[in-house]
1. Could you give me D for the range 44-140, from Stokes-Einstein at 4 °C and 1.567 mPa s, where the hydrodynamic radius is the Kirkwood radius over C-alpha pairs? Units µm² s⁻¹, please.
2. Testing the spin-label approximation: label points 7 Å from Cα along Cα→Cβ at residue 258 and residue 81. State their distance in nm.
3. Fully extended, how many nm does the chain gain between residue 89 and residue 39 (0.36 nm per residue separation, minus their Cα-Cα distance)?
4. Note down the nm distance, to one decimal, between modelled labels 7 Å out along Cα→Cβ at residue 30 and at residue 283.
5. Rank-order 383-390, 336-343 by packing density, defined as the average count of other C-beta atoms within 10 Å over each peptide's residues, highest first.
6. Can you work out D for the range 271-339 in µm² s⁻¹ from Stokes-Einstein, where Rh is the Kirkwood radius over C-alpha pairs, the temperature is 20 °C and the viscosity is 1.002 mPa s?
7. Leaving out ligands, DNA and RNA, what percent of the accessible area of the chain is carbon and sulfur, probe 1.4 Å?
8. If you find the alpha carbon centre of the range 197-257 and of the range 347-371, how far apart are they in angstrom?
Amino acid sequence: MTNVLSTFFDSFLGNAPSWYKRTIFGFLIINPALYFLLNILGLETGFILGWIFLLQFIFTLIFSIQCYPLQPGGLIAFQALLMGLTDTYQVFHEIEGNLEVLLLLMFMVSAIFFMKDLLLVIFTKIIEFFENKIILSLLFLFSSAFLSAFLDALTVTAVLISVSIGFYNIFADNLKNKTITQQEFDQGKAFLRDIVMHGAVGTALGGVCTIVGEPQNLLIATKADWSFIEFFLRMAPVTIPVLFFGILTCIIIEKLKLSEYGAQLPTTLRDKLIDAALEKEKNRTNIENTHLVIEAFLGILLIFALAFHLAQVGVIGLFLLVFLTAFKGITSEHDLGEAFKEPLPFTALLVIFFVIVAVIHDQNLFSPVTSYVLSTSPDIQTPLFFIANGVLSAISDNVFVATVYMNEIMAALNDGLINREQFDNLAVAINTGTNLPSVATPNGQAAFLFLLTSSLAPLIGLSYLKMVYKALPYTIALTIVGLICVILFI
């Protein structure tokens with residue numbers, strides 16, 4: 001019997017550390033006991049357990065390097081369903097509301113996989129021309145911000161991940177061949193951590209500015225009946241100063257080496273990247289050159305299609321995938337399957353996350369905060385909305401938080417509790433609140449969570465806590481500047 005239990009324990013969650021397995025086992029045993037105890041005591045079982053399940057799910061995200069959160073998080077989410085904290089209909093409703101994001105992950109991110117050759121060429125050229133780390137950091141930050149404003153933060157993050165994995169593979173090959181030292185390899189990984197985090201924060205800085213930047217932006221604009229231009233102009237008093245201070249923060253943290261920034265790319269590694277690119281360029285066949293032209297042409301069409309929102313991002317991604325593989329001659333099912341290895345586990349994890357979001361909704365976990373904010377005087381409502389949306393987004397999901405608060409102010413407007421001007425001001429606070437302070441944690445932004453759970457994160461040592469620590473200077477700057485602008489200009 002002991003051998004059977006030992007084998008079962010070894011099998012459970014695979015290679016995860018023993019302490020982690022015991023913790024998850026503990027959660028799964030304690031939760032039903034708490035359910036019955038709270039019922040016996042006559043306490044608010046759903047509300048209390050809802051917060052416990054939310055914190056347990058965040059725990060699985062924090063230790064995502066020890067074990068991918070899909071399995072432990074999925075077991076916890078399944079328990080929530082069994083205990084009636086939510087139901088499958090509400091979960092399906094959350095999936096319906098976020099279908100665009102799921103399609104984006106499945107198809108757009110997969111399509112980017114077939115553009116990695118072009119992306120690697122472009123970013124290697126950038127590293128070749130710009131040796132200064134601060135300038136490189138600013139380029140990654142600003143280009144990510146610009147692209148996210150007109151494309152989509154998840155798509156831009158997928159590009160960052162693809163490029164960084166390409167660089168990492170070159171570093172790893174050189175370490176294997178002993179042409180670089182372990183210290184240079186570690187420094188190269190630290191450099192990649194810096195660059196990819198600057199880029200990830202850039203997606204938030206740009207994503208907050210326009211309707212297409214983040215999923216909740218479109219929701220807010222639709223309910224407020226704002227056009228693309230009106231949305232941009234209403235957000236500009238907050239977003240433009242925040243962008244400026246975001247750039248300033250990037251310079252300061254690189255210069256002062258705060259939050260473990262400031263890692264330089266060793267000259268040896270930089271030369272290896274350039275040499276590898278030159279070698280590949282020299283040996284590139286005519287058909288490979290043709291493929292680069294195809295990728296560049298379709299990349300331009302992609303930017304055009306996304307900037308003008310010709311269709312849902314996922315649908316555009318699907319046809320980009322079709323065109324890339326058709327014209328590059330990739331027709332084998334096995335070769336196509338490689339592109340889906342990165343996004344599909346995260347897509348499944350996101351659906352598990354929607355179970356937790358459904359629990360938050362059904363058990364009204366955020367209602368005390370929402371009720372308090374709406375009960376305050378109009379003079380302080382706007383900054384309070386910014387703070388409340390920021391805090392709640394950082395611990396849950398910014399799309400969900402924006403949905404809850406927009407529904408609340410729509411109801412308040414319809415009931416005559418607020419006027420149209422106050423509604424518009426609160427909508428600005430909701431958008432900026434859900435987009436800016438939420439960079440504090442990976443679960444606050446879908447792009448950050450995608451980066452955390454990508455195959456890149458364990459390669460370069462980018463854990464949940466590491467992301468929180470490296471995002472901290474940005475979190476402080478973006479939150480303070482955003483709040484001041486909301487108070488002064490909105």
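The values are calculated or read from the model by the stated rules, or taken from the named source; none is laboratory data. Values in this document were obtained by computation on a predicted structure and should not be read as measured data. For neighbour counting, all protein chains shown are included, and Cβ atoms are generated from backbone atoms with ideal geometry for every residue, glycine included. These area figures cover heavy atoms from the full protein model, side chains too; ligands, DNA and RNA do not enter into them. Shrake-Rupley method; radii C 1.70, N 1.55, O 1.52, S 1.80 Å.
1. Working: Rh = 17.4 Å.
Rounded, D is 74 µm²/s.
2. Using points 7 Å along Cα→Cβ, the separation is 4.4 nm.
3. Values: separation 50, 0.36 × 50 = 18.00 nm, distance 2.42 nm.
Net length gain for the segment: 15.6 nm.
4. That separation, rounded to one decimal, is 5.5 nm.
5. Values: 383-390: 23.6, 336-343: 17.0.
Going by the mean number of other Cβ atoms within 10 Å, highest first, we get 383-390, 336-343.
6. On the way: Rh = 13.9 Å.
Calculated translational D: 154 µm²/s.
7. Result for the chain: 67 percent of the exposed heavy-atom area is carbon or sulfur.
8. Going from one Cα centre to the other spans 25 Å.
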